[in-house]
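Read the structure below first, then the notes.
The values are calculated or read from the model by the stated rules, or taken from the named source; none is laboratory data. Since the structure is predicted, the reported quantities are computational estimates derived from the model, not experimental observations. Using ideal geometry, Cβ is built from the backbone for each residue, glycine included, and neighbour counts are taken over all protein chains shown.
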């Protein structure tokens, strides 16, 4: 670990995590009451796993605590100036998050067409690319790591857009059973956190700790049998955060967020996110082969398959989270992570299990 990491650095992360966690715990019951009074609910149908009426705007309870915790840390740093924080990058990150959340939240309320959602996602991803978060180079590490090919502007734009939009939708599509999407998000973000600590990047550290706090608190209410869902707003918000972390943590510089991202630098986040990515690719190919749109809603995702094979919803959740954990562990191992990092990611899996099985009161 680099010498830059000291008690003040870790305190920023702890404060942002605890603030977002506490606010989410307090906000979710209020959101539930509001949604029930205004009939903002998810109606069961043949495609959905849930067979009872459920609140579908739980994403509000993730994004608002996340934003407030970051605001508090930024204000503390402006006043005390402990660390150099990239406020421009935080602005890009938060605006992108708000844009994707707004799209998903509107869809939760109005049921937008798949084409409208996709076009809007492409537009937002294009704006992210224009603001400097992009994939610009292709390299060949298994032949000669010094060979780098500058991608044409159009190819760079397309690869970046497809990466962002693909990650966002892969997380959205996994939100099919209680605790699944949020559980995978927590495992992936804990893994990303270890890489951020290795780089001692305060800006990314604040962002991911805020997200982890809100996510862990939301899992408390989203575990089986849940009465509240994150909705498309929540899954889009979490998805864009995961996509942006993957493009900014694993770049060709240990210090500059805006440095050029090598194509090979995506191999580690690809491994961490392999489960949602591969499941989405398989489902899209199956739909196309059967003559349907890639966005045709069905019950062909990995959680649907396991339940169809006879596994209970809880067993299905555990199996998928373990697979996600193994992918994340593999990413740490191939990057020569020390034993402490591996223990942290292992404890994360155990903690998730405890949160899921811990007896809850009414919300």
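Residue-by-condition table, conditions (1) touching a strand residue (DSSP E or B) at 6+ places or on another chain (Cβ under 9 Å); (2) within 18 Å of residue 183 (Cβ to Cβ); (3) outside any helix (DSSP H, G or I):
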position	(1), (2), (3)
280	no, yes, no
291	no, no, yes
295	no, no, yes
311	no, yes, yes
328	no, yes, no
337	no, no, yes
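For segment 176-203, a residue qualifies if it is at pLDDT below 90 and farther than 11 Å from residue 216 by Cα, and the qualifying residues are 176, 177, 178, 194, 195, 196, 197, 198, 199, 200, 201, 202.
Quick check, is residue 156 buried (at least 19 other Cβ atoms within 10 Å of the Cβ), touching a strand residue (DSSP E or B) at 6+ places or on another chain (Cβ under 7 Å) and assigned to a helix (DSSP H, G or I)? It is true that residue 156 is buried (at least 19 other Cβ atoms within 10 Å of the Cβ), touching a strand residue (DSSP E or B) at 6+ places or on another chain (Cβ under 7 Å) and assigned to a helix (DSSP H, G or I). The residues in segment 56-85 that are surrounded by fewer than 24 Cβ atoms within 10 Å (Cβ to Cβ) and in contact with a strand residue (DSSP E or B) (Cβ under 9 Å, 6 or more places away or on another chain) can be counted, and the count is 1.
All of (1) surrounded by fewer than 19 Cβ atoms within 10 Å (Cβ to Cβ); (2) in contact (Cβ under 8 Å) with a residue 40 or more places away in the chain; (3) under 14 Å from residue 243 (Cβ atoms) hold for residue 96 with one exception: (1). In this structure, is residue 111 more than 16 Å from the chain's Cα centre (by Cα), at pLDDT below 90 and within 20 Å of residue 60 (Cα to Cα)? Yes: the conditions hold for residue 111. Is at least one residue of segment 278-292 more than 12 Å from residue 173 (Cβ to Cβ) and either touching a residue at least 60 places away in the same chain (Cβ under 8 Å) or touching a helix residue (DSSP H, G or I) at 6+ places or on another chain (Cβ under 8 Å) (or both)? The answer is no; no qualifying residue exists. Taken over segment 297-309, the criterion of being outside any helix (DSSP H, G or I) and closer than 18 Å to residue 275 by Cα is satisfied by 299, 300, 301.
For the subset of segment 253-278 comprising residues that are outside any helix (DSSP H, G or I) and surrounded by 14 or more Cβ atoms within 10 Å (Cβ to Cβ), which member is modelled with the highest pLDDT? First the steps, then the outcome.
The first filter runs over segment 253-278 and keeps only residues outside any helix (DSSP H, G or I), leaving 253-262, 273.
Subsequent filtering for residues that are surrounded by 14 or more Cβ atoms within 10 Å (Cβ to Cβ) retains 257-262, 273.
Details: 257: 51, 258: 50, 259: 48, 260: 49, 261: 50, 262: 51, 273: 95.
Taking the candidates together, the pick is 273.
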